[in-house]
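Please read the structure below before turning to the comments.
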Amino acid sequence: MIAINLDQVTVTYISQPIFKGLAWEIHSDRCVGLIGPNGCGKSTLLRLIAGELTSDTGYVVRASGLKIGYLTQEPRLDNNRTVLEEGLSAAVELMQVEHALSALEHRLADPAVYGDETVLAQVLDEQTHLLDAYTRLGGPGYEGRVRSILQEIGFSGEAYLNLSVATLSGGQKKLLGLAKLLVTQPHVLLLDEPDNHLDMAGKALLERLINAHQGAVIIVSHDRYLLDLVVDEIVELEEGRPVHYLGDYSEYAFEKSMRQLRQQQLFQ
């Protein structure tokens with residue numbers, strides 16, 4: 001199944017095309033390694049897929065109801081929160097519903113509300129709709145799910161959960177950013193150099209999380225060993241166009257060398 005379709009996409013930066021006429025079908029069941037030299041547009045392409053950029057031409061068509069999780073090179077975290085608070089902030093819509101319910105509780109304690117039958121009925125009706133939304137968004141088991149995922153990535157115990165985000169190492173911030181994405185259960189994961197700052201144990205954990213993800217993954221990484229362990233396909237950006245190679249990084253390296261050898265033979 002195709003999760004995202006890019007059709008004749010062009011993106012220009014200061015009159016210089018980064019992509020021109022780019023086409024790519026992103027499948028819902030594949031992990032793709034996106035590679036290419038620095039400055040070729042890998043991060044720009046991820047931002048386009050995530051919807052943070054718009055194309056100058058062509059279309060980016062996403063499957064109906066598709067949820068995309070995007071981990072940038074520097075995770076977007078609030079240093080004023082604890083690890084648990086940051087994890088809980090992942091479900092933005094759910095947090096908005098919780099805040100609305102809290103505000104309603106204060107209104108219900110207001111004599112001007114509970115003393116007026118008409119106003120009280122309106123507030124109670126609004127509360128019912130909000131409670132339905134809270135249940136639909138997974139509110140009753142949400143904190144437990146967040147705690148479970150945080151424990152899985154190494155933040156086990158209240159002491160770790162109460163750490164300030166500001167005190168975390170670069171690798172811990174990467175994993176916390178990834179945990180926030182997993183909390184939202186996205187269909188597509190976009191990972192921009194997620195292995196930066198990670199030690200060997202962190203990379204092993206990252207590998208397990210990627211392989212366990214039920215959906216599409218696009219990962220930008222310079223770690224050939226990691227790509228060998230997780231990807232089904234390599235997409236290399238060459239002069240603003242994606243070139244596809246089935247298999248892991250080692251298979252890509254072999255196939256590319258064979259292509260180059262055949263090209264050399266044609267010109268001899």
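Report yes if D195 is charged (D, E, K, R), surrounded by 12 or more Cβ atoms within 10 Å (Cβ to Cβ) and over 21 Å from A50 (Cα atoms), otherwise no.
Numbers: charged (D, E, K, R): yes; surrounded by 12 or more Cβ atoms within 10 Å (Cβ to Cβ): yes; over 21 Å from A50 (Cα atoms): no.
So D195 does not fit the description; no.
Using the structure shown, decide if L266 is of a type in the set (A, V, I, L, M, F, W, C), modelled with pLDDT under 90 and over 28 Å from Y13 (Cβ atoms).
Taking the combined requirement at face value, the residue satisfies it.
Tell me which strands (runs of 3 or more DSSP E) are completely within the range 1-89 and hold 3 or more residues being touching a residue at least 60 places away in the same chain (Cβ under 8 Å) and surrounded by fewer than 20 Cβ atoms within 10 Å (Cβ to Cβ), or say none if there are none.
16-27
Considering the range 152-178 alone, what residues qualify as being under 20 Å from the mean Cα position of the chain (by Cα) and open to solvent by 60 Å² or more (accessible area, probe 1.4 Å)?
Of everything in the range 152-178, those that are under 20 Å from the mean Cα position of the chain (by Cα) and open to solvent by 60 Å² or more (accessible area, probe 1.4 Å) turn out to be E152, Q172.
Let me confirm something: among G41, G65, which residue is under 23 Å from H197 (Cα atoms) and among the small types (G, A, S)?
Answer to the check: G41.
Only one of Q96, Q122, Q172 is under 30 Å from R30 (Cβ atoms) and of a type in the set (S, T, N, Q); which?
Numbers: Q96 fails: under 30 Å from R30 (Cβ atoms); Q122 fails: under 30 Å from R30 (Cβ atoms).
Criteria check complete, one pass: Q172.
Could you run through the range 90-127 and say how many residues are of a type in the set (S, T, N, Q) and open to solvent by 60 Å² or more (accessible area, probe 1.4 Å)?
Initial filter on the range 90-127 (of a type in the set (S, T, N, Q)): 96, 102, 118, 122, 127.
Narrowing the set further to residues that are open to solvent by 60 Å² or more (accessible area, probe 1.4 Å) leaves 96, 118, 122.
Residues meeting the conditions: 3.
Among the residues of the range 107-120, is any out of contact with any helix residue (DSSP H, G or I) (no Cβ under 7 Å at 6 or more places or on another chain), modelled with pLDDT of 85 or more and not polar (S, T, N, Q)? I'd like the intermediate steps shown before the answer.
Restricting attention to the range 107-120, the residues satisfying the condition of being out of contact with any helix residue (DSSP H, G or I) (no Cβ under 7 Å at 6 or more places or on another chain) are 109-112, 115-118.
Keeping just the survivors that are modelled with pLDDT of 85 or more gives none.
For the range 107-120, residues out of contact with any helix residue (DSSP H, G or I) (no Cβ under 7 Å at 6 or more places or on another chain), modelled with pLDDT of 85 or more and not polar (S, T, N, Q): absent.
Sort through V146, V235, V188 and tell me the only one that's in contact (Cβ under 8 Å) with a residue 12 or more places away in the chain, over 30 Å from L130 (Cα atoms), touching a Leu at 6+ places or on another chain (Cβ under 9 Å) and crowded, with 18+ Cβ neighbours inside 10 Å. Working first, answer last.
Numbers: V146 fails: over 30 Å from L130 (Cα atoms); V188 fails: over 30 Å from L130 (Cα atoms).
The conditions single out V235.
Just checking, which of Y245, Y249 is under 24 Å from K20 (Cα atoms), open to solvent by less than 40 Å² (accessible area, probe 1.4 Å) and either without any contact (Cβ under 8 Å) to a residue 40 or more places away in the chain or in contact with a helix residue (DSSP H, G or I) (Cβ under 6 Å, 6 or more places away or on another chain) (or both)? Walk me through it before giving the result.
Numbers: Y249 fails: under 24 Å from K20 (Cα atoms).
Y245 is the lone residue from the list that is under 24 Å from K20 (Cα atoms), open to solvent by less than 40 Å² (accessible area, probe 1.4 Å) and either without any contact (Cβ under 8 Å) to a residue 40 or more places away in the chain or in contact with a helix residue (DSSP H, G or I) (Cβ under 6 Å, 6 or more places away or on another chain) (or both).
The values are calculated or read from the model by the stated rules, or taken from the named source; none is laboratory data. Note that this is a predicted model, so its numbers are computed, not measured. Cβ atoms come from the backbone with ideal geometry, glycine included; neighbour counts cover every protein chain shown. Note: accessible area is taken over every heavy atom of the protein model, side chains too, but ligands, DNA and RNA are not part of it. Shrake-Rupley method; radii C 1.70, N 1.55, O 1.52, S 1.80 Å.
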